[in-house]
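> Pasting a structure below so you can have a look.
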Number of protein chains: 2
Amino acid sequence: MAKRGAALDMAVLGLLHEAPMHGYELRKRVNALLGWGRVLSYGTLYPCLKQLLRNGLIAPDTTQTLSGSPGGITGRRARIVYKLTAEGKEHFAQLLAQSGPSSWDDDTFDVHFAFFARTDAQTRVRILEGRRNRLEERLEGVRVALARTRERVDKYTLALQQHGLESVEREVRWLNELIDTERSGAGHDAVAPPRSRPRRSQRRQHPIK
Amino acid sequence: MAKRGAALDMAVLGLLHEAPMHGYELRKRVNALLGWGRVLSYGTLYPCLKQLLRNGLIAPDTTQTLSGSPGGITGRRARIVYKLTAEGKEHFAQLLAQSGPSSWDDDTFDVHFAFFARTDAQTRVRILEGRRNRLEERLEGVRVALARTRERVDKYTLALQQHGLESVEREVRWLNELIDTERSGAGHDAVAPPRSRPRRSQRRQHPIK
DNA sequence: GCCACGATGTATCGTTACGATACATCGCTC
DNA sequence: GAGCGATGTATCGTAACGATACATCGTGGC
């Protein structure tokens, strides 16, 4: 169950793992994390939060300190802060450890990668290699197709396909570098210490194509 | 009206402009054209065709020669071949000439670019520059955000964002080269002669991120 | 001969994600 | 003290998609 939106689930869980947060902040952090283009809609986020609530993976956090607020105890306006439950932490750890096609697909890979700092080195390499292999499969197919059509398409179509090809080739090289680094610096810091506190930021998503 | 799916509409119209085609073939051609990842579903294509039919932009083509079929007149199995109507051609030309935000957005740009061979030089430059400017706006925002968070995120998040940044920078350079070419080779072949006949091919779509 | 299987082909249904939107409060500036 | 942009929660209509069903063709194996 809950096959769809697994990437979003993981992103939310991972961010709440760092610190409790409310929906609005969560949206910004998710956009910053895997942003560059498609912006996460509330129509996607809130239903997701509801489902996670139902499944008991997250829960409202009633103990909110309102730190930084000048007036002291002055009530901020109504907001719902969520925090991870024990089940949520367990489920997230489970998501982190799993490496399969679900970690290599386009949307999902980014989320997995974003939480590499909490992933063990073995899984990291497996995910990176899976991703690279998948891209290379595609490259092979595209190269064949390109060779077959090369002389029959106009120069713009050709340029577009060529540019796409080079983009993927570039990503493969990037992955290879990461894999090498991972292998050579074997067994270094698997988990980074959490930063002081979440901050806001904004980015846009890049589609490249 | 018909704001959504404008990219798909344009792709279908443009492909049918080259040669009449049936749905199955159309799907393959569209995937090859702006493929690399997301695959066009029949659940998307057929409703689109229906709407274009309703709007009178395409029509069933009853005069099908079945060339290449060995048995001569032997009937191929049932299939619906679509062709552009006069209104369709006019509408397509209109889509080609328009350059605005709708030509710069992620999905739409590819389609516009794919039909550059039928677009006049002036519009080509306007679209390319619009696209580049949009990407540079994003870049600026991302660079600021990156500078603000640089020291507070783990190296994997940083690597991911860095790679995304470089991908977009690379695309900007690509666009600049195209613009230069367009300006220097001013007024060259605006329209390429159509190729003999459509052929099949298959590719996947690349998302890069 | 015929049967299995993959490619070709059209079509719809249920779910999901998302854009648009509504509504409310806060804090700022003019 | 009014206007306005940021902060916040929430839902609704619909376009897009994955899955699936169904049918025919070509072919290769037995």
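The values are calculated or read from the model by the stated rules, or taken from the named source; none is laboratory data. Keep in mind that what you see is a predicted model, and the values were worked out from it rather than measured. Here the Cβ positions follow ideal geometry from the backbone for every residue, glycine too, while neighbour counts run over all protein chains shown.
> Hey, does region B:49-63 have a residue that's at pLDDT below 85 and farther than 14 Å from B:Gly14 by Cβ?
yes
> Among the residues that make up region B:5-21, is at least one of them modelled with pLDDT under 95, within 15 Å of DNA strand D (Cβ to nearest atom) and over 15 Å from the mean Cα position of the chain (by Cα)?
No, there is no match, as no residue in region B:5-21 is modelled with pLDDT under 95, within 15 Å of DNA strand D (Cβ to nearest atom) and over 15 Å from the mean Cα position of the chain (by Cα).
> I'm trying to understand the selection: among the residues of region B:148-158, which are at the interface with chain A (Cβ under 7 Å from one of its Cβ atoms) and either on the phi > 0 side of the Ramachandran plot or not basic (Lys, Arg) (or both)?
If the condition is that a residue be at the interface with chain A (Cβ under 7 Å from one of its Cβ atoms) and either on the phi > 0 side of the Ramachandran plot or not basic (Lys, Arg) (or both), then B:Thr149, B:Asp154, B:Tyr156, B:Thr157 are the ones that fit.
> All but one of (1) at pLDDT 75 or above; (2) facing chain B (nearest Cβ under 7 Å); (3) surrounded by fewer than 18 Cβ atoms within 10 Å (Cβ to Cβ) hold for A:Ala192, so report the exception by its number.
A:Ala192 satisfies all of (1) at pLDDT 75 or above; (2) facing chain B (nearest Cβ under 7 Å); (3) surrounded by fewer than 18 Cβ atoms within 10 Å (Cβ to Cβ) except (1).
> Of all residues in region A:36-64, count the ones that are part of a loop (DSSP other than H, G, I, E, B) and within 12 Å of DNA strand C (Cβ to nearest atom).
5
> Here is a further query. Between a residue in region B:118-132 that is touching a residue at least 60 places away in the same chain (Cβ under 8 Å) and any residue that is part of a helix (DSSP H, G or I), which pairs come within a Cβ distance under 7 Å, given they are 6 or more apart or on different chains?
B:Arg118/B:Leu96; B:Thr119/B:Leu96; B:Ala121/B:Glu182
> Determine whether region A:144-158 contains at least one residue that is modelled with pLDDT under 95 and under 19 Å from the mean Cα position of the chain (by Cα).
No: zero hits.
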